[in-house]
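The structure appears right after this line, and notes come after that.
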Amino acid sequence: MERKFTTVGGLKVSYLEAGQGLPVLLLHGWPTSSFLWRHAIPEIARTRRVLALDLPGFGQSDKPLDTAYSFRFFSNILEGFLKDLQIDRIGLAVHDL
């Protein structure tokens, strides 16, 4: 499992990555982070490429104070994140969001 960073919409976004194969995106709930998935990632990574994102405002991602943390904001971040990693098809697991 490796901690990585990218920039989306001018914000530094942190994520964990492990495994190979078809990608699955793990999204944490409110108010947690990718740390939530620490025990699940190795198991899923046996057969899939796992990406566990720290949404902005959480974990090791930027925490801008002048941002409205709306569903639209997070949707734009997710779209930009997937575009940056050139992922057009994913499995998705979410927790409390």
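The values are calculated or read from the model by the stated rules, or taken from the named source; none is laboratory data. Given the structure is predicted, the values throughout are model-derived calculations rather than measurements. Glycine gets a Cβ as well: all are built from the backbone with ideal geometry, and neighbour counts include every protein chain shown. The area values use the complete protein model at the heavy-atom level, side chains included, leaving out ligands, DNA and RNA. Shrake-Rupley method; radii C 1.70, N 1.55, O 1.52, S 1.80 Å.
List of remarks:
- Each Lys and Arg Cβ is given +1 and each Asp and Glu Cβ -1; about its Cα centre, the chain then shows a dipole of about 200 debye.
- Solvent exposure ordering (accessible area, 1.4 Å, most first) of L27, L78: L78, L27
- Gyration tensor verdict on the range 1-40 (Cα atoms; rounded if a/c is under 1.5, prolate if a/b is larger than b/c, oblate otherwise): oblate
- T32 - accessible surface, heavy atoms, 1.4 Å probe, Å² rounded to 10: 50 Å²
- Helix 71-84 and the long axis of the chain differ in direction by around 50°, with both axes built from C-alpha atoms.
- For the range 22-97: Kirkwood Rh in Å [reciprocal of mean 1/r, alpha carbons]: 13.0 Å
- Which of V8, L78, L25, positive extreme of dipole for the chain (C-beta unit charges): L25
- Counted charge near K4, where neighbours are those whose Cβ lies closer than 13 Å (Asp, Glu -1; Lys, Arg +1): -1
- Cut-off 13 Å, label 7 Å out along Cα→Cβ of D66, residues of the range 1-25 by amide N: none
- Solvent exposure, largest accessible area first (probe 1.4 Å, DNA, RNA and ligands not counted), of S14, S33, S75: S75, S33, S14
- Measuring nothing but how far apart in sequence close Cα pairs (under 8 Å, 6+ apart) lie, relative to its length, the chain scores a relative contact order of 35 percent.
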